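The values are calculated or read from the model by the stated rules, or taken from the named source; none is laboratory data. Worth saying up front: this structure is predicted, and the values here are computed from it rather than measured. Virtual Cβ from ideal backbone geometry, glycine too; neighbours counted across all protein chains shown.
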Amino acid sequence: MFFLFSCNVQKNINVQNHLPQISTKKLLQNNIISPNSHYKSRYYSMLPYLFYNGKGDFIKIKGDYFSLKHPIYEEVNIMIGYWEELGEYRNILLAVVWVKSKTQYDLTNLDINVVSSKHGLMIPKYRHRDRDSNFNNEIAYTVKIPLEYERQIIDKVYDDVVTITVNGYKYEMLNPELKLD
């Protein structure tokens, strides 16, 4: 805890330090997949979320994405995290979802819902169709996270779970500030 003094006004601000990074081995023992072994290396400008692999849906890491099984589609790819700055956006929780299917017809009625347990419904910002052969359909979802100071993001993501539902099938993404017993 420290105090800021400005114009003779005292402001008490709680600055929480982030938790130590959990080893990939320990995460895997708890059915949690990290996007890389140094997932906290870009704090505080970017905080990538982790994937809870409770149903065994994980296929592999594909660039910045978790490649996941789906009962209807070939695969669902999800990238999610907090970004301090991304193009015109500032302080956002961003989820990008793209679905790969054998036919374009299967993708015409996608029903995707993205909800943060702490920040609510995430809103689709853009659709990008047929970017290349690997991205049949891509949708970005965002929600702004108001911050008074940079390190407050730790408190804002702590204990957050983002649930992504693709045509009724759910995936859970965990904040990087989690504790394992």
Practice item. Go through the stretch 146-174 and give me each residue that's within 13 Å of the chain's Cα centre (by Cα) and at pLDDT 95 or above. Key: 160, 161, 162, 163, 164, 171, 172, 173, 174
**Study point:** Every pair of residues 6+ apart whose Cβ atoms lie under 6 Å, when the first sits in the stretch 77-94 and is over 14 Å from residue 147 (Cα atoms) while the second is of a type in the set (Ser, Thr, Tyr) and outside any strand (DSSP E or B)
**Key:** 80/49; 81/49
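Can you tell me which residue within the stretch 116-130, out of those that are modelled with pLDDT of 95 or more and surrounded by 12 or more Cβ atoms within 10 Å (Cβ to Cβ), is farthest from residue 161 (Cα to Cα)?
It comes out as 122.
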Review point. When you look at residue 113, is it part of a strand (DSSP E or B), surrounded by fewer than 18 Cβ atoms within 10 Å (Cβ to Cβ) and either under 14 Å from the mean Cα position of the chain (by Cα) or at positive phi (or both), yes or no?
Key: yes
Review point. If you scan the stretch 62-91, which residues turn out to be surrounded by fewer than 16 Cβ atoms within 10 Å (Cβ to Cβ) and β-branched (Val, Ile, Thr)?
Key: 72
